[in-house]
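Have a look at the structure below, then the notes.
The values are calculated or read from the model by the stated rules, or taken from the named source; none is laboratory data. Computed from a predicted structure; not experimentally measured. Cβ sites come from the backbone with ideal geometry, for glycine too, and all protein chains shown count toward neighbours. Keep in mind that these areas ignore ligands, DNA and RNA; they rest on the heavy atoms of the full protein, side chains included. Shrake-Rupley method; radii C 1.70, N 1.55, O 1.52, S 1.80 Å.
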Amino acid sequence: MSDELYIKIEQKIKVNKKKILVSDIASIHHTNNDIKKAVGEIMLYKIEGNESGAYVMTSLKVIELIHRKYPQLVIVNEGEKDLIIDYTPPEDCKISGKEAKNKVYEYAKAAIVCVVAFVGAAFAIMTFNLDVSVQDLFDNIYFWFTGAEKNKTPSVLEFGYCIGLPIGILVFFNHFSRKKLTSDPTPIHVEMRNYETQINQAIIEDAEREGKVIDVS
């Protein structure tokens, strides 16, 4: 029987130390816990310098380094074929921690985002209503059901529309404050994950074009 070692390499990891181990970038499984621990302690890469940066490494390089110590292992990668090591110096992490504690700064950013989102959403809704002539539609519906021309006083249609619109938005986005209506991911959550995946893929492709990928020798 073959001696198989299973690893699951993550697409991107964030580190603030210079010595990157196998256990930092992948989940490891082997029937022998001693081998599993030893493989996890194998050093993959040592970051030079003190500047933040993203380093791209192939899964073949990881397998090569493991085979140098355990050539008898059959390594099965259940994860990504390329990985990104996102390095941030410890000093920058401390600075970021101080900024996170600055509540005034955080609240100011949140307030600006809320104002921009509110104004943008309101403008989009108003232009949509004008474009499809929602007011004329309400007048026609009122005439169909009552047989009378609608006056200028807002009817139950307008009130219902004003109440139903925000409720519909909350239900669609499945998110209100810190609470979710269901356990499903929100549309924004899904789009953010797609965006992160595209960013990671762009970083990998740029590194390949520039010849900066850490690959087998």
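Before moving on, here are some points about what is shown:
- Scanning region 189-217 for residues that are among the hydrophobic types (A, V, I, L, M, F, W, C) and within 14 Å of residue 58 (Cβ to Cβ) turns up 203, 204, 207, 213, 214, 216.
- The one condition in (1) more than 20 Å from residue 207 (Cβ to Cβ); (2) assigned to a helix (DSSP H, G or I); (3) open to solvent by 60 Å² or more (accessible area, probe 1.4 Å) that residue 60 fails to fulfil: (1)
- Within region 1-28, considering residues that are more than 20 Å from residue 213 (Cα to Cα) and out of contact with any Asp or Glu (no Cβ under 9 Å at 6 or more places or on another chain), the one surrounded by the most Cβ atoms within 10 Å (Cβ to Cβ): 5
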